[in-house]
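A.B. asks: Dropping the structure in here first, questions after.
The values are calculated or read from the model by the stated rules, or taken from the named source; none is laboratory data. The model shown is predicted, which means the values in this text are computed figures rather than measured ones. FYI the Cβ positions are ideal-geometry reconstructions off the backbone, even for glycines, and counts take in every protein chain you see. The accessibility values were calculated without ligands, DNA or RNA, using every heavy atom of the protein model including side chains. Shrake-Rupley method; radii C 1.70, N 1.55, O 1.52, S 1.80 Å.
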Amino acid sequence: MTSGESNSTHLSALEIAEAQFPAQAARVRQLFQMNETFRSMCEDLAAAAETLAHVERLPDNVRETRRQEYASLVDALVAEIGEALSQSKVVMLRRSGEARPKPR
């Protein structure tokens, strides 16, 4: 999202992502605020979902093709966001005998 876009678009991207992952809404909000890549995925999802919602406005000869393309894009973005949520929960643990970096 560019700096010139409205905050309402920003919020709708967050709301759409939260709606896709209601059980993880708090984590979605946290990543949305802290991670530019995650926020970009959510904004892409919002744009694709909005386009899909308005695909009926397209001419008959391209409508079904575009519907399939955008439905596939929405599915891929939901999967990508889900993967990012899963990865954000991974915690790296060290064994007690492993060397730790020396403080400087």
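A.B. asks: What are the pairs with Cβ atoms under 8 angstrom where one residue, in region 41-69, is farther than 30 Å from A84 by Cβ and the other, located anywhere, is buried (at least 17 other Cβ atoms within 10 Å of the Cβ) and among the aliphatic types (A, V, I, L, M)? Sequence gap at least six, or different chains.
C.D. replies: R63/V55
A.B. asks: Kindly indicate the residue of region 56-69 that is open to solvent by 70 Å² or more (accessible area, probe 1.4 Å), under 22 Å from I16 (Cβ atoms) and not basic (K, R) and also modelled with the lowest pLDDT among those meeting that condition.
C.D. replies: So, considering only residues that are open to solvent by 70 Å² or more (accessible area, probe 1.4 Å), under 22 Å from I16 (Cβ atoms) and not basic (K, R), the one modelled with the lowest pLDDT is E56.
A.B. asks: In region 39-55, is there at least one residue being outside any helix (DSSP H, G or I), touching a helix residue (DSSP H, G or I) at 6+ places or on another chain (Cβ under 7 Å) and more than 21 Å from K89 (Cβ to Cβ)?
C.D. replies: No, that holds for no residue.
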